[in-house]
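Q: This is the structure I have questions about; it appears just below.
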Protein chains: 2
Amino acid sequence: MEQTKRTDVNTLGEFGLIEHLTSQFDAKHATTLKGVGDDAAIIDIGNNQIMAISTDSLVEGIHFDLAYMPLKHLGYKSVVVNLSDIFAMNCVPKQITISIAISNRFSVEALDEFYEGIKKACDFYNIDLIGGDTTSSNKGFFINISAIGFGQKDKVAYRNGAKKGDLICASGDFGGAYLGLQILEREKQLYLSDSNIKPDLEEQTYLIGRQLKPEARKDIIEQLDQVNLVPTSMIDVSDGLASELFHICKESSVGAFIEEKAINIQIEAQMMALKFKLDPVTCALSGGEDYELLFTIAPSDIEKIKLFPDVAIIGEVVDKKDGIKLHTTGGNIHPIRAQGWVHFEP
Amino acid sequence: MEQTKRTDVNTLGEFGLIEHLTSQFDAKHATTLKGVGDDAAIIDIGNNQIMAISTDSLVEGIHFDLAYMPLKHLGYKSVVVNLSDIFAMNCVPKQITISIAISNRFSVEALDEFYEGIKKACDFYNIDLIGGDTTSSNKGFFINISAIGFGQKDKVAYRNGAKKGDLICASGDFGGAYLGLQILEREKQLYLSDSNIKPDLEEQTYLIGRQLKPEARKDIIEQLDQVNLVPTSMIDVSDGLASELFHICKESSVGAFIEEKAINIQIEAQMMALKFKLDPVTCALSGGEDYELLFTIAPSDIEKIKLFPDVAIIGEVVDKKDGIKLHTTGGNIHPIRAQGWVHFEP
């Protein structure tokens with residue numbers, strides 16, 4: 001008997017696996033403007049209008065730990081991470097569907113708490129909950145949310161539009177959510193070793209808030225609209241600034257040059273990184289879950305972007321052959337790695 | 001310390017739980033024409049066009065058993081059950097997103113097989129796969145699919161439009177998928193008791209096919225369009241004919257009178273029901289997973305519906321106060337129960 005080949009799913013990596021599984025599918029409808037491979041899919045609905053749809057799963061034990069994630073926050077965050085994908089297309093989210101699979105260890109009261117968080121996010125972001133599915137699981141809590149948004153066909157910001165000479169911009173600050181997670185993990189371990197130890201979270205409201213209650217950058221999309229500025233490319237920062245930069249460069253066939261000193265890292269994050277003996281810039285580049293927007297604009301739009309209160313120009317788009325590099329505060333130039341920046345190249 | 005109240009999720013039932021969790025949400029956008037509570041949500045996209053979106057989860061050990069469900073069939077069925085929801089709104093599905101969470105017991109080759117089934121369904125139903133999410137789970141296989149369809153605003157068939165005097169119509173036949181499942185379960189138990197026993201599935205292709213490879217009734221939607229017939233209400237049969245009839249009656253505030261002899265039950269299903277000592281009509285009413293369409297039409301459309309090769313008129317919409325009843329072949333009248341028909345009322 002011939003032996004069946006068995007390739008471990010981890011060998012391809014998440015993006016490699018998705019590419020492998022979906023490469024055989026081709027678009028049959030002219031209205032499908034963008035399928036797999038961006039923050040959201042884009043469908044043409046006529047009259048220069050498009051619909052954007054994104055979908056994201058959150059799995060207990062993989063994406064969240066109920067030991068320190070209150071259910072209300074989990075509900076809120078589940079919505080926010082999906083809305084962030086719609087904003088990243090320069091679209092406005094309007095509806096969501098939510099499907100959950102739960103084991104019988106969850107009570108109606110626990111679900112009420114979770115839905116309270118969902119409702120809070122829907123109210124804040126002006127979103128209608130329009131459907132979903134509620135089912136059982138033998139073990140664990142699985143969440144799948146789809147977000148639906150709308151925008152103008154000629155204003156959609158894909159990942160593949162960055163051009164040499166464009167300015168690289170980033171909203172907000174980086175590394176905070178990752179460091180918030182490190183604090184929560186540390187306190188969990190301390191609690192597991194001695195349940196009399198009270199968690200020491202009091203002074204870390206900012207970092208823990210970045211992890212437990214992130215916000216999507218609705219304000220940036222509104223500001224872009226106000227000054228009539230369309231980014232040449234855009235992506236939201238869920239996996240880390242470096243990883244998202246690689247996506248834009250790959251899809252746009254360009255390189256990038258980033259100024260270390262331009263990357264916004266809050267003082268709380270800098271202090272906490274040092275406390276954990278981590279490099280703050282590595283936390284900012286590779287931490288993830290910041291849900292900020294990374295985008296590129298034409299150099300002629302520089303005067304417009306300067307008016308944005310919470311956007312920094314962090315670098316410039318360069319030729320593909322020049323790679324993706326970081327200009328350090330110390331004056332050195334290092335290649336950036338997708339999964340983190342390596343301080344000392346061999 | 002006050003004791004926290006704990007209500008088991010099973011006390012409310014699936015539909016009760018969804019109603020409980022979503023009742024606090026109200027629609028903020030005028031474009032949200034239908035939210036939770038139909039086969040799909042409906043969004044107004046202008047120019048008398050609407051978008052329909054449905055979402056469904058399939059959980060290993062709850063909705064499918066990999067002991068007898070080949071992964072390719074699982075992929076195919078996962079798509080079909082979602083498309084069925086879009087057809088049930090009298091819309092044409094065009095795109096899907098698919099999210100999966102898998103444990104490392106699944107190989108790339110296993111996923112290839114699953115996606116082969118998905119591709120087969122996409123090719124057959126003319127669907128674009130436009131996105132999704134692929135993530136890990138600690139245990140089990142979770143699938144969530146969203147289907148997107150389009151239609152005309154004035155031709156959408158909701159659940160709430162049935163009127164007294166309307167004719168109740170059903171496509172195809174009933175009970176087959178349920179009996180197919182009973183055969184597969186029986187063979188699994190036999191195999192578990194003695195692995196030398198070969199499964200005896202040869203003669204039951206029809207029933208097993210209804211369970212493992214259901215089809216959605218695209219043809220019925222096309223025929224409705226051809227003769228310009230818009231059902232006054234419509235639903236797809238996933239939970240059983242009786243349960244779906246109750247949804248239509250509840251949403252439309254009407255009753256129903258069903259003729260037992262008009263319910264189409266294939267001879268294979270009748271024979272197998274008797275073999276399992278089950279009542280064939282109970283299997284048809286309560287079996288589920290037939291993925292047929294149940295709909296109502298104005299009495300003036302009777303000549304049009306007679307031309308449909310695979311649609312039967314099975315009853316009539318009556319006053320709400322007259323309840324939901326079955327006129328048996330023997331000439332008796334029994335109330336129908338949502339979860340199955342009770343032969344002998346006390």
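Q: Loop only by DSSP, 13 or fewer other Cβ within 10 Å of the Cβ. Give me the trypsin sites (Lys or Arg not before Pro) in the stretch B:231-314 that pass, ordered by residue number.
A: Those satisfying the criteria are B:LYS277, B:LYS306.
Q: Still on this structure, please answer the following. Using amide H atoms built 1.01 Å from N in the peptide plane, name the residues 5+ places from B:ILE314, or on other chains, whose amide H lies under 5 Å from its own.
A: Placed amide hydrogens put B:ILE168, B:CYS169, B:ALA170 under 5 Å from B:ILE314.
Q: I would also like to ask the following. Every other copy gets compared here: list the nm distances from the A:ASP44 label point (7 Å along Cα to Cβ) to its counterparts, shortest first, one decimal.
A: Those label-point separations list as 2.5 nm.
Q: Quick one: label points 7 angstrom along Cα→Cβ at B:ILE267, distances to the other copies in nm, smallest first?
A: Shortest to longest, the spacings are 8.6 nm.
Q: What list of ³J(HN,Hα) couplings, whole Hz, do you get for the stretch A:304-315 from phi and the Karplus terms 6.51, -1.76, 1.60, once you set θ to phi - 60° and write x for glycine and proline?
A: The phi angles translate into 5, 5, 4, 7, 6, x, 10, 10, 10, 7, 10, x Hz.
Q: Run the reach check for A:LYS188 against aspartates and glutamates, Cα to Cα strictly under 14 Å, same-chain hits fewer than 8 apart removed. What comes back?
A: Candidates past the 8-residue exclusion: A:ASP65, A:ASP200.
Q: Could I ask something else about it? Please compute the average number of Cβ atoms from other chains found within 10 Å of each residue's Cβ in peptide B:50-59.
A: Mean inter-chain Cβ contacts per residue within 10 Å come to 6.
Q: Keeping all protein chains in the complex and leaving out DNA, RNA and ligands, what accessible area do you get for B:HIS73 with a 1.4 Å probe, in Å² to the nearest 10?
A: Counting only protein heavy atoms, B:HIS73 exposes about 60 Å² to solvent.
Q: Rounded to the nearest 500, what is the protein assembly as shown's calculated 222 nm mean residue ellipticity when only DSSP H runs of at least 4 contribute -39500 (n - 2.57) each, over all residues?
A: -10000 deg cm²/dmol
Q: Any aspartates and glutamates with Cα under 17 Å of the B:LYS94 Cα? List them, leaving off those in the same chain fewer than 8 positions away.
A: The qualifying aspartates and glutamates are A:ASP26, A:ASP44, B:ASP39, B:ASP44, B:ASP56, B:ASP85, B:ASP123, B:ASP128, B:GLU215, B:ASP219, B:GLU222, B:ASP225.
Q: Quote to one decimal, in nm, the extra length available between B:LYS275 and B:LYS164 on full extension: 0.36 nm per residue of separation minus the C-alpha distance between them.
A: This chain segment gains 36.1 nm when fully extended.
Q: So, one more: Please report the base-10 log of the normalised intensity I(q)/I(0) for chain A, using a Debye sum with one equal scatterer per alpha carbon and no solvent, at each q in 0.15 (1/Å).
A: So the normalised log intensities are -1.41.
Q: Another question, then. Residues of the stretch B:64-81 with the amide nitrogen closer than 19 Å to a label point 7 Å from the Cα of B:GLU185, along Cα-to-Cβ, please.
A: Under cut-off, by backbone N: B:64-70.
Q: Now a separate question. Please grab the % of Cα pairs in the stretch B:118-209 that end up more than 21 Å from each other.
A: 68
Q: Measure up B:LYS34/B:LYS155; B:LYS218/B:LYS325; B:LYS153/B:LYS320; A:LYS77/A:LYS325 against 21 Å on the Cα-Cα distance and list the ones that go over.
A: B:LYS218/B:LYS325; B:LYS153/B:LYS320; A:LYS77/A:LYS325
Q: Further, regarding this structure: What distance in nm separates the two pseudo spin-label positions at B:SER300 and B:HIS327, each 7 Å out from Cα along the beta-carbon direction?
A: Here the answer is 2.4 nm between the modelled labels.
Q: Work out the FRET efficiency for B:HIS334 and B:LYS261 from their Cβ-Cβ distance, taking R0 = 22 Å, and round it to the nearest 0.05.
A: With a Förster radius of 22 Å, E is 0.95.
Q: Please list the equivalent ellipsoid semi-axes of the stretch A:21-76, computed as the square roots of five times the alpha-carbon gyration tensor eigenvalues, in descending order and whole angstrom.
A: Result for the stretch A:21-76: semi-axes of 33, 16, 6 Å.
Q: For the protein assembly as shown, report the % of Cα-Cα distances exceeding 38 Å.
A: Cα-Cα pairs in the protein assembly as shown separated by more than 38 Å: 40 percent.
Q: Which residues does a label at A:GLU222 reach in the stretch A:119-154, if reach means a backbone N under 11 Å from a point 7 Å past the Cα toward the Cβ?
A: A:125-126
Q: At 7 angstrom along the Cα-to-beta-carbon line, where would the label on B:ASN10 sit relative to the other copies? Give the distances in nm, shortest first.
A: 3.6
Q: Identify which of A:GLY240, A:GLY16, A:GLY37 has the largest mean-square fluctuation in a Gaussian network model of chain A, with springs joining Cα atoms closer than 10 Å.
A: Checking each option, the largest mean-square fluctuation is seen for A:GLY16.
Q: Which residue fluctuates most in the GNM of chain B (Cα springs below 10 Å): B:LEU74, B:LEU190, B:LEU293?
A: Largest GNM mean-square fluctuation: B:LEU190.
Q: Taking the alpha-carbon centroid of each part, what is the distance from the stretch B:207-283 to the stretch A:1-73 in angstrom?
A: 34
Q: Excluding same-chain residues fewer than 8 positions from B:LYS164, which aspartates and glutamates have a Cα within less than 18 Å of its Cα?
A: Output for B:LYS164: B:GLU244, B:GLU251, B:GLU259, B:ASP301, B:GLU316, B:ASP319, B:ASP322.
Q: Let me ask you something else. Taking amide H positions as placed in the peptide plane 1.01 Å from N, state which residues far from B:GLU292 in sequence (5 or more) or on other chains have amide H under 5 Å from it.
A: Here the answer is B:VAL237, since their amide H atoms fall under 5 Å of that of B:GLU292.
Q: Next up: Under 5 Å between amide H atoms, partner at least 5 residues away or on a different chain: which partners does B:LYS325 have, H built in plane at 1.01 Å?
A: Hits under the 5 Å cutoff: B:ALA256, B:PHE257, B:ILE258, B:ILE336.
Q: Still on this model: Once you have the alpha carbon radius of gyration of the stretch A:77-135, what is it after dividing by 2.2 N^0.38 Å, with N set to its residue count?
A: Normalised by 2.2 N^0.38 Å, the Cα Rg of the stretch A:77-135 equals 1.21.
The values are calculated or read from the model by the stated rules, or taken from the named source; none is laboratory data. Predicted, not measured: the structure shown is a model, and the values here were computed from it. Every residue, glycine as well, gets a Cβ built from its backbone with ideal geometry; the counts of neighbours run over all protein chains shown. Accessible surface areas use protein heavy atoms only, side chains included; no ligands, DNA or RNA. Shrake-Rupley method; radii C 1.70, N 1.55, O 1.52, S 1.80 Å.
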